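Below is one structure, written out as structure tokens; the observations come after it.
Every read-out reported here was derived from the displayed coordinates using simple, explicitly stated rules and does not represent laboratory data. The structure displayed is predicted, hence computed values, not measured ones. Methodologically, a virtual Cβ is constructed for each residue, glycine included, from the backbone with ideal geometry; neighbour enumeration extends over all protein chains shown.
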Amino acid sequence: MNLLHIKERGLEIEQLGHVPKDILEAIYEQKLFKLFTPKELGGKDLNLMEGMKVFQEMSALDGNFGWLVTIGTGGNAFIPAFNQDICKKIFSPRNAVIAGSGYPTGIAVQVEGGYRLTGQWKYCSGADYATTFTMNCFVECEGIKTDQIISCSVERDHVEILQDWCAMGLKATASHTISVQNAWVPQEATFQLGAIRNNYGSFVHSFPFGTFAEASFLSVCLGITENFLQEISIIIKQKNDDPSRAERIDSLHSLLMQQQQNFNQLEEQFYAILTQYWERHNAGQNLTEEELLQFSQMSKGSAATCIDIANSFIRHLGMEAITETSSINRIWRNLYTAAQHGFLTP
């Protein structure tokens with residue numbers, strides 16, 4: 001499949017409420033859930049900057065598509081944390097993809113050799129087709145809930161998907177709640193982010209996870225904003241033949257030029273800073289807590305600017321802006337929803 005056709009299918013994807021089978025097949029074929037997976041496990045083994053640009057490019061085609069590629073690839077961050085056999089089992093299949101949650105809303109009862117896991121976790125994007133689920137739990141030992149948090153991986157067969165995702169945007173991301181009841185999780189299926197238990201890891205996997213996540217989600221917002229500005233350009237061309245709207249179109253065109261410049265500066269700043277951090281990481285230099293905080297603040301501010309860019313047009317677009325089946329409205333809603341992620345909100 002030519003991925004450029006996905007841009008034309010945005011409304012279809014949203015109305016279906018899930019990714020069509022042919023698009024999911026294209027993701028598997030082009031290894032878009034395996035951007036940071038080593039080639040030994042069937043992945044593309046991209047570096048950080050290459051991957052972020054793919055996230056933006058896919059999000060500029062369609063917000064749902066870009067979000068799912070980004071979330072699916074995000075699970076690659078856990079690759080070094082499993083022993084070699086478990087890692088191969090989870091990440092080698094052609095259709096391998098992780099969905100899950102970082103919030104500790106479950107209980108892992110410690111028993112001999114592992115844990116008994118029970119709980120529910122919200123907003124698990126990609127739940128409809130995930131092959132493995134990961135989640136955080138508080139450990140219960142001898143009937144007492146402790147402050148210890150453990151990360152677990154659970155096979156799809158042990159997970160119930162509650163089909164409750166009902167946001168105003170990113171409607172096709174299957175970001176449902178999942179439920180697990182008394183599932184057996186052996187010790188080797190638990191993991192700790194940052195631990196190294198195999199030889200599959202790369203520099204991407206040792207990059208600070210919070211910064212990796214912030215950069216990933218901001219890449220999605222940049223891609224959706226890029227798509228939004230492209231759609232504004234199309235709208236201007238469509239309305240340009242109406243003499244009665246000449247003044248309005250001129251105003252809209254001037255606004256587009258201004259906001260395109262703002263977006264270009266935003267995009268350039270993001271990649272310049274991330275490239276600097278990435279090169280220092282590759283050189284073995286540790287990023288300071290202050291630098292990580294600065295990147296976090298930049299990410300949140302940039303996401304807010306993306307929202308401001310889109311909002312500056314809405315009042316100029318009449319009823320088209322508030323019609324849910326219009327492309328501009330769908331892109332706008334997807335951007336708002338993506339920017340609402342906890343890594344990007346104030």
- prompt: Which of the aspartates and glutamates could a cross-linker span from residue 122 if the Cα-Cα distance has to be under 19 Å and same-chain partners fewer than 8 positions apart are dropped?
  reply: 155, 157, 160, 164
task: Using only Cα atoms, locate the centre of segment 247-264 and the centre of segment 51-112, then give the distance between them in Å, rounded to an integer.
output: 38
message: Compute the angle between helix 289-314 and the longest alpha-carbon principal axis of the chain, please, reported from 0 to 90 degrees and rounded to the nearest 10.
response: 40
Positive-end extreme of charge dipole, segment 189-346 - chosen from 313, 336, 259 (charges on Cβ): 336
- request: Could you tell me what percent of the DSSP beta bridges with both partners in segment 97-191 are antiparallel, to the nearest 5?
  value: 75
query: Can you give the calculated 222 nm mean residue ellipticity of the chain, where each DSSP H run of n ≥ 4 adds -39,500 (n - 2.57) and the sum is split over every residue, rounded to the nearest 500 deg cm²/dmol?
result: -15500 deg cm²/dmol
message: Which aspartates and glutamates, if any, have their Cα less than 18 Å from the Cα of residue 239, not counting same-chain residues under 8 positions apart?
response: 231, 247, 250, 320
- prompt: Hey, what do the phi angles of segment 177-182 turn into as Karplus ³J(HN,Hα) couplings, whole Hz, using 6.51/-1.76/1.60 and θ = phi - 60°, x for Gly and Pro?
  reply: 6, 10, 10, 10, 10, 6
query: If the cut-off is 24 Å between C-alpha atoms, which lysines fall inside it for residue 44, apart from same-chain ones fewer than 8 positions away?
result: 7, 21, 31, 34, 53, 88, 89
